[in-house]
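Readers should treat all values here as calculations from the given coordinates under stated rules, not as data from a laboratory. Note that the structure is predicted; figures quoted are calculated from it, not measured. For neighbour counting, all protein chains shown are included, and Cβ atoms are generated from backbone atoms with ideal geometry for every residue, glycine included.
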Amino acid sequence: MDMPRPTPAHAKLTKLVGEWIGDEHLSPSPWDPKGGQAVGRVHNRLSLDGLAIVQDYEQERSGMVNFRGHGVFLWDGAEQQYHLHWFDSMDQPPGIFRGTFDNNILRLVSVNAQGHARATFDFTKDGSYDYRMEVSPDGRVWYPFMEGTYKRKKT
């Protein structure tokens, strides 16, 4: 049996690969009534012979890491969509986001018991990307949750 090989759809995910750091703005929410500023650090690496991207994320506020997350990005050829399997330090069941890469913008949506979440990764600028997380109780009206701009760390 021939082993699966990365396709052009897998190659689009390589935009994520690297070490990133960015300023983040959190909107007021039930989890953080005041909202505020944070610094996000992202480490994305190629895995599984180019079939996945593994992400480790941490958020720092007031000089302390207050949140960590771990994600696995995949291309699902049968469904013709991207998946992000997300685990974090909020002690919730893993989230599964699904969506598409339109040009240089990856848009993913998750639906779970707490409502809807929409993640957008915008790679239209060289050397950086913009990230936006929005939430919705019903999938119709969306509210900003977090926004960040991440620059590739120089190694």
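Listing for the model above:
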item	result
Aspartates and glutamates whose Cα lies under 14 Å from that of Lys153, excluding same-chain neighbours fewer than 8 positions away	Glu19, Asp23, Asp126
For the stretch 1-149, with +1 on Lys and Arg beta carbons and -1 on Asp and Glu, the positive-most of Val141, Gly69, Val17 along the dipole	Val141
The stretch 8-152, relative contact order in percent, only Cα pairs under 8 angstrom and at least six apart counted	18 percent
Hits among lysines - C-alpha to C-alpha of Lys34 under 28 Å, sequence gap 8 or more where chains match	Lys151
The stretch 1-99: trypsin sites (Lys or Arg not before Pro) in DSSP coil with no more than 12 other Cβ atoms inside 10 Å	Lys34
